[in-house]
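One structure is given below, encoded as structure tokens.
The values are calculated or read from the model by the stated rules, or taken from the named source; none is laboratory data. Predicted, not measured: the structure shown is a model, and the values here were computed from it. Heads up, the Cβs are rebuilt from the backbone with ideal geometry, glycines too, and the neighbour counts pull from every protein chain shown. To get the accessible areas, we keep the full protein, side chains included, count just its heavy atoms, and leave off ligands, DNA and RNA. Shrake-Rupley method; radii C 1.70, N 1.55, O 1.52, S 1.80 Å.
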Amino acid sequence: MLSRVKLNNKLKRFWKILGPGLVTGASDDDPSGIATYSQAGAAYGLSTLWTSLVAFPLMAAIQQMCARIGLVTSHGLTGALKNYYPRPVLYLMLLFSFPAIIMNIGADIAGMGAVGNLLFPSIDATYFSVLFTIILLGLIIYLPYHKIAATLKYLCIVMLVYFVVPFLYKQDLTQILKATFIPSIKFDKEFMGILVGILGTTISPYLFFWQASVEVEEMNDRKKHLMVNKKIIHEINEDVDFGMSFSGFVMYFIILTTGTVLFNGGIHQIETVEQAALALKPLAGNLAYLLFAVGIIGTGLIAIPVLSGSLSYIVTETFGWEQGLGKKFHEAKAFYTVIGASLILGLSLNYVGISPVKALIYTAILYGLTAPVLIAIILHISNNKRIMGRFTNGRVSNILGFSALLIMTAAAVGLIYLQLAD
């Protein structure tokens, strides 16, 4: 009985530690990301399953640096760029980030609407897209920060459905283990394109900005200045590690599901999340289809506030406007106006001829071009004692960070090559 109480107390303490890192990790597996992972699984089976193991430490290392930057400087990543780098660098990041995030939001809203239509065919997908946009806008503006944080945190539980879906279908454990731990690479344009897409959707620049800014938000929400020490840093690293591993597992199980069910069922061409969900229905059964679809809507409800919030932090911090989810609308009108505008612009993309598939391609290009530059800047800031004091990077962080820089630079070069080759 005593051991059960101790276990419950440990779990409660761990759940309390979890916050921005968990939400950031969950938002990484947005409907757009699910579409990319589904494309990989359907087209190549389990051949890309190993990428989740490679992506996790790289994601975790960069996000830990961003969290530390926010905690130590009390500024978001945009603030650090503004204070320590030439203005053209800041404006260039804004120029690339704004359209990329808007198109990402648009693709996610469209995906949620389409899946809503699958679950309730009598209601048009457009109505669902509008409904989700209104709900998200209302909740973001109305709820105070701590309630938004708690809501997003509990919404992460919805994503556990992806851990269940693969086991509703017969699996070959030996084949899965082999694909997980022995990388398989095909040196052709299509396969390399999928690898670039996976990297682009897992190591996304908007997450860098969100992580740093939301750590500042967490500090402000505690009502008093937080003294940064090794214990706080350790707790933040735990939060980020758990969030990124959670994200990696979701990615892993989506590729596993589509790589066994769809690939083995002869369905190799998937472009959207609703196509992936619909294709599962006859092959894996109604429950797998239902869980996969519900998971898509849940991930959208997590990711879109993060996307719109990160864009608003970027814009308002760039121009020195009042910002923060912890502030009420009348205290930070510009901040909430940017959030509202980003949701409305994202929703409107479907009405101006930009399809979710095209939006994903454009987003991947813009993210792919900005990610290496931002990672290099994050590494520079994290190793600058003038900025970070005694909380600069350790050896392991730098090894992983520079590995991420090299891989994302190679991915950017590959992305440019693939676009020019078309």
So TYR154, is it open to solvent by less than 20 Å² (accessible area, probe 1.4 Å) and either touching a Gly at 6+ places or on another chain (Cβ under 9 Å) or hydroxyl-bearing (Ser, Thr, Tyr) (or both): no
In the range 36-50, residue nearest to ILE296 (Cα to Cα) [restricted to those that are open to solvent by less than 10 Å² (accessible area, probe 1.4 Å) and of a type outside the set (Gly, Ala, Ser)]: TYR37
Residues that are buried (at least 24 other Cβ atoms within 10 Å of the Cβ) and farther than 17 Å from GLY346 by Cβ, drawn from the range 81-108: LEU81
Sole residue being within 30 Å of VAL165 (Cα to Cα), of a type in the set (Val, Ile, Thr) and modelled with pLDDT of 90 or more, chosen from ILE314, ILE344, ILE304: ILE304
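Looking at GLY414, GLY346, GLY353, which is the one that is within 20 Å of SER32 (Cβ to Cβ) and free of Cβ contacts under 8 Å to residues at least 24 places away in the same chain? Walk me through how you get there before you give the answer.
On the way: GLY414 fails: free of Cβ contacts under 8 Å to residues at least 24 places away in the same chain; GLY346 fails: free of Cβ contacts under 8 Å to residues at least 24 places away in the same chain.
Exactly one residue qualifies, and that residue is GLY353.
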Candidate set from the range 292-327 (those that are farther than 23 Å from ALA114 by Cβ and among the polar types (S, T, N, Q)); member that is most open to solvent (accessible area, probe 1.4 Å): GLN323
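I need the full set of residues from the range 64-77 which are out of contact with any Gly (no Cβ under 8 Å at 6 or more places or on another chain) and surrounded by fewer than 24 Cβ atoms within 10 Å (Cβ to Cβ), in order please.
Kept after step one, since they are out of contact with any Gly (no Cβ under 8 Å at 6 or more places or on another chain), are these residues of the range 64-77: 64, 66, 68-69, 71, 74-75.
The answer is LEU71, SER74, HIS75.
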Qualifying residue in the range 132-147 (condition: charged (D, E, K, R), on the phi < 0 side of the Ramachandran plot and in a helix (DSSP H, G or I)): yes
Test set (1) closer than 29 Å to GLU317 by Cβ; (2) modelled with pLDDT under 90; (3) under 14 Å from the mean Cα position of the chain (by Cα); (4) not charged (D, E, K, R) - ILE62 fails condition number: (2)
Search result, residues across the range 376-422 that are among the basic types (Lys, Arg) and farther than 18 Å from ALA67 by Cβ: LYS385, ARG386, ARG395
Odd one out for HIS330 among (1) over 25 Å from ALA412 (Cα atoms); (2) crowded, with 17+ Cβ neighbours inside 10 Å; (3) at pLDDT below 90: (2)
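Suppose the filter is open to solvent by 50 Å² or more (accessible area, probe 1.4 Å) and on the phi > 0 side of the Ramachandran plot; does GLY389 pass it? Lay out the reasoning, then the answer.
Numbers: open to solvent by 50 Å² or more (accessible area, probe 1.4 Å): no; on the phi > 0 side of the Ramachandran plot: yes.
Here the answer is no, as GLY389 does not meet what is asked.
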Residue check, GLN39 under 15 Å from LEU256 (Cβ atoms), in contact (Cβ under 8 Å) with a residue 24 or more places away in the chain and not small (Gly, Ala, Ser): yes
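Sort out which residues of the range 198-222 are of a type in the set (Asp, Glu) and either in a loop (DSSP other than H, G, I, E, B) or modelled with pLDDT of 85 or more (or both), and write them in order of number.
Within the range 198-222, GLU215 is the sole residue that qualifies.
When the range 180-194 is examined, which residues are found to be part of a loop (DSSP other than H, G, I, E, B) and within 24 Å of the chain's Cα centre (by Cα)?
From the range 180-194, those part of a loop (DSSP other than H, G, I, E, B) are 182-188; that's our starting set.
Across the range 180-194, the qualifying residue is only PRO183.
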Matching residues, the range 250-269, being hydrophobic (A, V, I, L, M, F, W, C), open to solvent by 10 Å² or more (accessible area, probe 1.4 Å) and within 12 Å of TYR37 (Cα to Cα): PHE253
Qualifying residue in the range 366-379 (condition: open to solvent by 30 Å² or more (accessible area, probe 1.4 Å), part of a helix (DSSP H, G or I) and among the small types (Gly, Ala, Ser)): yes
GLY33 assigned to a helix (DSSP H, G or I), buried (at least 24 other Cβ atoms within 10 Å of the Cβ) and at pLDDT below 85: no
Residue ID - farthest from the chain's Cα centre (by Cα), chosen from residues in the range 115-140 that are surrounded by 15 or more Cβ atoms within 10 Å (Cβ to Cβ) and among the β-branched types (Val, Ile, Thr): THR126
